[in-house]
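In what follows, a single structure is set out as structure tokens and then discussed.
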Amino acid sequence: MQRKNAGAALSLFLSMSSCAHRPPAPLSPGTLLRDVTFTEYSPLSRSAEIARRMMTLLASRHVRRLISVKGQTLREQPIDLAQEKFTVYVPAGAPPKNGYGLLVFVAPWPEATEPGRWRPPLDRHGLIFVAAANSGNGASVYDRRLPLALLAYDNIRARYPLDPKRVYVGGMSGGSRVAERTALGYPDVFRGALLNAGSDPISDASGIHLPPADLFEKFQQTRLVYATGGHDDLNLRDDEASRSSMRNWCVFNLAVKGAPTLGHEPLDAISMDRALDALEQPSEVDAAKLLQCNANLQRELSAKLADAEAAIARGDHQSARAQINAIDLHYGGLAAPAILELEARLDAQGADGGPQR
């Protein structure tokens, strides 16, 4: 994830301080605090909820079985908030009429990001900015980076009036890839994602799987803004692959806001302002196009499920198992509850000694 380049960019971008604060009340507008400690936990960041939203159906089920067999339980929360620090910036000026917007930022570096040059665009858009420390590319996505982003959201929501229509997640480089996953799994929280110099296609190869159908329907309305430097050739190609994958999955609420003079580095103030403008634009998705695309997806999925069911009926357990696993990996939560019912039927027959992954 180009950690060396990201580290160089950080040295140009951040102005770090060792001052420690713990605010007992909401910050005054135009205030930046470092080393903030939060205290509120969220059901969104529970280990079981993360697994439900981020893992495939069968993978999540098999993990729970394995844990149960070993006599263990999932940790309720993967994060000990008492040990975590955050940076918080509240924009200058009067609070917006409908509440502040929020940008939860995930960085590739371990330091808690300070907005620095981004303060003017954050002020103009009325966006609070929050970022966690020790959430860089070296940290686990699902044990740290994702739950830290969710806990940042819930604690800011507890302190400030937020406009739920303007709650966004963003990131740079490897953090942008985490932001994309977060937006996919939590579209009921984040209404848009700012992807700066990092994105992936939805695929088993990238480790990105579809959430349950009700959440994916919301994600199809999520605004995704791709903002990558004009000289960052590798990530420009990755962005093209990501957008192509999104369109294949009927995700059309996409925008591209390039930064022609930049390489693999954080956006400058002008590019950030343009990206935020794009992030806050209303959706222009053609409802008829979306309806037809989803109908085509459902037909494809139904045909795959029918093939697996036919394999079970004729006793071809090996083929049925392979097809069920392939459906789970490709369609994720869209295949519920049919995929669980098919696996249960196959398991009941004692096929191949039980579930295989």
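Residues in the range 174-189: is at least one out of contact with any His (no Cβ under 8 Å at 6 or more places or on another chain), free of Cβ contacts under 8 Å to residues at least 12 places away in the same chain and at negative phi? Among the residues of the range 174-189, not one is out of contact with any His (no Cβ under 8 Å at 6 or more places or on another chain), free of Cβ contacts under 8 Å to residues at least 12 places away in the same chain and at negative phi, which makes the answer no. Scanning the range 195-210 for residues that are among the aliphatic types (A, V, I, L, M), assigned to a strand (DSSP E or B) and within 16 Å of Val256 (Cα to Cα) turns up just one, Leu195. Being in contact (Cβ under 8 Å) with a residue 40 or more places away in the chain, in contact with a strand residue (DSSP E or B) (Cβ under 6 Å, 6 or more places away or on another chain), crowded, with 24+ Cβ neighbours inside 10 Å and not aromatic (Phe, Trp, Tyr) narrows it down to one of Leu151, Leu127, so name that one. Exactly one residue qualifies, and that residue is Leu127. Residues of the range 339-357 that are at pLDDT below 55, surrounded by fewer than 12 Cβ atoms within 10 Å (Cβ to Cβ) and assigned to a helix (DSSP H, G or I): Gly353 alone. Note on the range 209-237: residues that are at pLDDT 95 or above, over 21 Å from Arg274 (Cα atoms) and crowded, with 20+ Cβ neighbours inside 10 Å total 4. For Phe216, the conditions (1) touching a Ser or Thr at 6+ places or on another chain (Cβ under 8 Å); (2) closer than 15 Å to Met54 by Cα all hold with the exception of (1).
Scanning the range 98-115 turns up no residue that is at pLDDT below 95 and surrounded by fewer than 17 Cβ atoms within 10 Å (Cβ to Cβ). When the strands (runs of 3 or more DSSP E) confined to the range 76-167 are screened for residues that are over 23 Å from Pro43 (Cβ atoms) and not basic (Lys, Arg), those reaching at least 2 such residues are found at 86-90, 127-132. Filtered by the rule that a residue be more than 24 Å from the chain's Cα centre (by Cα) and part of a loop (DSSP other than H, G, I, E, B), the range 255-272 gives Pro260, Thr261, Leu262.
Do you know which residues across the range 311-338 are of a type in the set (Gly, Ala, Ser), without any contact (Cβ under 8 Å) to a residue 40 or more places away in the chain and assigned to a helix (DSSP H, G or I)? Once the filter is applied, which keeps residues that are of a type in the set (Gly, Ala, Ser), without any contact (Cβ under 8 Å) to a residue 40 or more places away in the chain and assigned to a helix (DSSP H, G or I), the range 311-338 yields Ala311, Ala313, Ser319, Ala320, Ala322, Ala326, Ala338. Evaluation of Ala275 against the conditions (1) assigned to a helix (DSSP H, G or I); (2) closer than 20 Å to Leu215 by Cα; (3) in contact with a strand residue (DSSP E or B) (Cβ under 9 Å, 6 or more places away or on another chain) shows that the sole unmet condition is (2). Scanning the range 295-310 for any residue that is part of a helix (DSSP H, G or I), in contact (Cβ under 8 Å) with a residue 12 or more places away in the chain and of a type in the set (Asp, Glu) turns up at least one such residue.
Exactly one residue among Ala179, Ala183 is within 14 Å of Met246 (Cα to Cα), in the same structural domain as Val256 (by TED's automatic domain parsing) and part of a helix (DSSP H, G or I), and that residue is Ala183.
The values are calculated or read from the model by the stated rules, or taken from the named source; none is laboratory data. What you are looking at is a predicted structure, and each value in this text was computed from that prediction instead of being measured. Neighbour counts run over all protein chains shown; Cβ positions are idealised from the backbone, glycine included.
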